[in-house]
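Inspection log for the structure reproduced underneath, given as structure tokens.
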Amino acid sequence: MIKKLLLPLALACSTLLGSAQAAEPLRIGYVFAMANAPVLIAERLGYFKDEGLAVEVKPLGDGPVIQQALAAHELDVAYVGTPPVYQWYARGLKSVILAKVNYGQAAVLAGAQSGIQDLAGLKGHKLAGVKKGSGMDVLLRGYVLKEHAGLDPDRDLTIVDLPPGNMNAALDRGIVDAAFSWEPFVSQALLRGSARLLLDVNQALPHYPWYVVIGLPETLRDRPDDVVKLLRAHRRAIDFLNEHPAEANRIIADAFKLEPVQRADGSTADGVAIVAEARHRLGWSADLAPADLQFIQRLMDYSRALKFMDTQVPLAELVDTSYLQRASH
């Protein structure tokens, strides 16, 4: 009799426990960058909620911080640049790329007073870049300088490690002659007239993927339906960005607290104008096309050639688009 009573009780407890686990928020970390606007849009417009998905969204400073949070199991999924994902994978943090977030955003600028007119003119000058071995540094050294410009990044110029938020001031003061930067910093400099555009990477590599949505293997194993809900909200946010640009630009300008800049003619460009300018070099898409996968492989090849990693990561293990396909139905 006691066993007969205990069995239904155990089943009921198991059901309640399963419900409690399902109700846990999906913890989403993202690099606080304009290109990651889809996660902001999805949260602010209630797209996650519409999917019945409880989320805890955490804006974070950069990839290494996200890496630490993922390794400590403080996040379930993340919006992060592509190179860190495969670099972490090679070191044992085997997160999986699920969808694309954006394309474009990066550009090379020359200070208005520098006299540099093209990429070849960078030779012998100082270029502001980010930390050596980081994702953007892979793009700068592997593609922009070595492949596109035919320059040796270690011998032909000096790359100065600077936070992107300080690059425009460094250009203005002549501390550096050029900068490899991204949005909104590129648009702020161009609207002010303090820099000229040497290379829009998205023109040279149309629709190249950068930020991606990644998930930990245990997240994919334990919460596959929630991952699909996340990606469905992600797609919807990207549709909103593309179909309602004026409203989306206002949300982005507010979220990133973009201060107005003064143009050379004395007029003012507000935050919305900065986002509109950034759209010339930045766009959003969820789909990982064959060309995107080829570019991810290309980035891995750059990283190995630059000796930033010495392990071959199989692309088939790094990317899984099946959840995104489920989110499309």
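The values are calculated or read from the model by the stated rules, or taken from the named source; none is laboratory data. Since we're looking at a predicted model, the values are computed, not measured. In this analysis, Cβ positions are derived from the backbone assuming ideal geometry, glycine residues included, and neighbour counts consider all displayed protein chains. Ligands, DNA and RNA are excluded from the accessible area calculation, which covers all protein heavy atoms including side chains. Shrake-Rupley method; radii C 1.70, N 1.55, O 1.52, S 1.80 Å.
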Between region 251-290 and region 78-105, the Cα center-to-center distance that results, in Å: 24 Å
Label point distance in nm, Arg250-Lys307, each placed 7 Å from Cα along Cα→Cβ: 5.4 nm
For the chain: accessible area per residue (Å², 1.4 Å): 45 Å²
FRET efficiency estimate (nearest 0.05) - Cβ-Cβ, Ala316 to Gln203, R0 51 angstrom: 0.95
Rough spin-label spacing in nm, given labels placed 7 Å along Cα→Cβ, for Arg221 and Gln262: 5.9 nm
Spin-label zone in region 114-141 - amide nitrogen under 13 Å from a point set 7 Å from the Cα of Val160 along the C-beta vector: 114, 125-130
Three-way shape call for region 284-329 based on the alpha-carbon gyration tensor, with the a/c threshold at 1.5: prolate
Candidates Ala253, Ala233, Ala179: whichever shows maximal mean-square fluctuation once the chain is modelled as a Gaussian network with Cα springs under 10 Å: Ala253
Glu243-Asp172 FRET efficiency (beta carbon distance; Förster radius 30 Å; 0.05 resolution): 0.20
Computed magnitude of the charge dipole of region 185-290 (debye, nearest 20; Cβ of K, R +1, Cβ of D, E -1): 140 debye
In order through region 29-43: 3J(HN,Hα) via Karplus (6.51 cos²θ - 1.76 cosθ + 1.60), integer Hz, x for Gly, Pro: x, 8, 5, 6, 9, 4, 4, 8, 3, x, 5, 5, 4, 4, 6
In sequence order, calculated HN-Hα J values of region 93-107 (Karplus, 6.51, -1.76, 1.60; Hz; x Gly/Pro): 8, 8, 6, 10, 7, 10, 6, 8, 10, 9, 9, x, 2, 8, 7
Value of relative contact order over region 110-156, rounded to a whole percent, pairs C-alpha under 8 Å and six or more apart: 31 percent
Arg196-Lys58 FRET efficiency (beta carbon distance; Förster radius 35 Å; 0.05 resolution): 0.40
Residues whose placed amide H lies under 5 Å from that of Leu198, excluding near-sequence neighbours: Val108, Leu109, Ala110
Reduced Cα scattering model of the chain, Debye log10 I(q)/I(0), q = 0.07 Å⁻¹: -0.31
Spin-label pair Asp152/Glu24, simplified geometry with 7 Å Cα→Cβ offset, distance in nm: 5.2 nm
Gained length - Arg326 relative to Lys94, 0.36 nm times residue gap less alpha-carbon distance: 81.3 nm
Fraction of accessible area attributable to carbon and sulfur, the chain (%, probe 1.4 Å): 52 percent
Difference of contour (0.36 nm per residue) and Cα-Cα distance, Ala289 to Arg44: 85.4 nm
Distant-in-sequence amide H partners of Asn102 (H built 1.01 Å from N, under 5 Å): Trp210, Tyr211, Ser285
For the chain: relative contact order, % (alpha-carbon pairs under 8 angstrom, 6 or more apart): 27 percent
